[in-house]
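Q: Got a structure here, written out as structure tokens. Questions coming.
The values are calculated or read from the model by the stated rules, or taken from the named source; none is laboratory data. Worth saying up front: this structure is predicted, and the values here are computed from it rather than measured. For neighbour counting, all protein chains shown are included, and Cβ atoms are generated from backbone atoms with ideal geometry for every residue, glycine included.
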Amino acid sequence: MQIPCENHTAELRLKEPVSLYHTFFCGQCFRWRPDGDGFFGVAWGRAARVWSVDGVLHVTGSGADSGDLWRRYFDLDRAYADIYTPWLNDPFMSRAVAHGEGLRILAQQPWESLCSFLLSQCCNIPRIRAMVDCLCRRFGEPISFQGLMEYAFPTPERLAGIKEEELVCIRAGYRAKYILAAARAVASGSLDLDRLQSEETEKAREELMRVEGVGRKVADCALLYGLGKLDAFPVDTWMKKARAYHPAYEGEYAGIAQQYIFYYARETGLR
DNA sequence: TGCCAGGCCGAAA
DNA sequence: TTTCGGCATGGC
């Protein structure tokens, strides 16, 4: 089935500066690419082109939408400056925030975030992007948009019905069985991602970690990027290397702090 | 060619 | 509770 080719546009006024580049390339998502003066990608089953001019975020996308989807996706109703200002008294956090100025924590589809970060295990970001792209092309619904054929992220129901051998094409190695275990858990209803959005972070993390291949790191990535739990704090090798302690590392918006730290630490080769 | 990558799992210490 | 090897593969 091909998703109907109905397009929409949205103009979203920004209350503070937003960097699409930092947002898309800080390591939280894998489906956006530079495209002229803007970016092209797929989110929530829509292919879209986004760009920013004079404090307005412009979106043209496939499918119907009033703009609310993108307002939520880019978390535009939250004042990030109010959140990070108290962190700036710490020199390391100050540099990290300056490095990633304008990044937003994207509200991604819960299943997509869980599945993507299951694939992320022990891979660098270019490889994760390649695997996710391959997975979508092979198993996602096609989306015709602006003369291009894009693909939605495959549903858990779709992936639950395939055999592990069919995933060989994405070269996921030992991660393939994790993808299938998670897809089957979601498709069967034993893992209800929608319900977890209204659970406490700790309870939701506990349920996610019952799935094979979901450890603390993958669970926290799914919590932060897919379930809107901004207090989730994925700790990986880069975070361990940072080692420093700061109040921003915990609390209601720890996940936002984590994103600045991760992006800064990775790009500056912190060791 | 070798090291490392947004880790997890299970066994051993 | 912590440590460590194995896992599967590709980017650099």
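Q: Would you point out the residue of the stretch A:135-166, among those that are more than 21 Å from the chain's Cα centre (by Cα), in a helix (DSSP H, G or I) and away from DNA strand B (no atom under 16 Å from the Cβ), that is surrounded by the most Cβ atoms within 10 Å (Cβ to Cβ)?
A: A:Ala160
Q: Of the residues A:Val235, A:Val214, A:Val218, A:Val186, only one is surrounded by 21 or more Cβ atoms within 10 Å (Cβ to Cβ) and part of a loop (DSSP other than H, G, I, E, B); which? Outline the logic, then answer.
A: Values: A:Val235 fails: surrounded by 21 or more Cβ atoms within 10 Å (Cβ to Cβ); A:Val218 fails: part of a loop (DSSP other than H, G, I, E, B); A:Val186 fails: part of a loop (DSSP other than H, G, I, E, B).
Being surrounded by 21 or more Cβ atoms within 10 Å (Cβ to Cβ) and part of a loop (DSSP other than H, G, I, E, B) holds for just one of A:Val235, A:Val214, A:Val218, A:Val186, which is A:Val214.
Q: Which residues, taken from the stretch A:24-83, are out of contact with any strand residue (DSSP E or B) (no Cβ under 8 Å at 6 or more places or on another chain) and hydroxyl-bearing (Ser, Thr, Tyr)?
A: Once the filter is applied, which keeps residues that are out of contact with any strand residue (DSSP E or B) (no Cβ under 8 Å at 6 or more places or on another chain) and hydroxyl-bearing (Ser, Thr, Tyr), the stretch A:24-83 yields only A:Tyr80.
Q: Determine whether A:Ile128 is in a helix (DSSP H, G or I) and either in contact (Cβ under 8 Å) with a residue 60 or more places away in the chain or farther than 27 Å from A:Ala232 by Cα (or both).
A: Yes: the conditions hold for A:Ile128.
Let's see how each residue does on (1) under 23 Å from A:Glu141 (Cβ atoms); (2) at pLDDT 95 or above; (3) in contact with a Pro (Cβ under 7 Å, 6 or more places away or on another chain); (4) within 11 Å of DNA strand B (Cβ to nearest atom):
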| residue | (1), (2), (3), (4) |
| --- | --- |
| A:Arg195 | no, yes, no, no |
| A:Arg216 | no, yes, no, yes |
| A:Leu224 | no, yes, yes, yes |
| A:Ala242 | no, no, no, yes |
| A:Glu252 | no, yes, no, no |
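Q: For A:Trp111, state whether it is of a type outside the set (A, V, I, L, M), more than 25 Å from A:Leu14 (Cα to Cα), surrounded by 17 or more Cβ atoms within 10 Å (Cβ to Cβ) and away from DNA strand B (no atom under 16 Å from the Cβ).
A: For A:Trp111, the condition - of a type outside the set (A, V, I, L, M), more than 25 Å from A:Leu14 (Cα to Cα), surrounded by 17 or more Cβ atoms within 10 Å (Cβ to Cβ) and away from DNA strand B (no atom under 16 Å from the Cβ) - is met.
Q: Could you look through the stretch A:74-130, keep only residues that are hydroxyl-bearing (Ser, Thr, Tyr) and within 16 Å of DNA strand C (Cβ to nearest atom), and pick out the one that is farthest from A:Tyr225 (Cα to Cα)?
A: Result: A:Ser120.
Results for (1) closer than 29 Å to A:Glu16 by Cα; (2) of a type in the set (A, V, I, L, M), shown as yes or no for each residue.
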site	(1), (2)
A:Tyr84	yes, no
A:Asp90	yes, no
A:Ala96	yes, yes
A:His99	yes, no
A:Gln109	yes, no
A:Cys115	no, no
A:Ser120	no, no
A:Pro126	no, no
A:Cys136	no, no
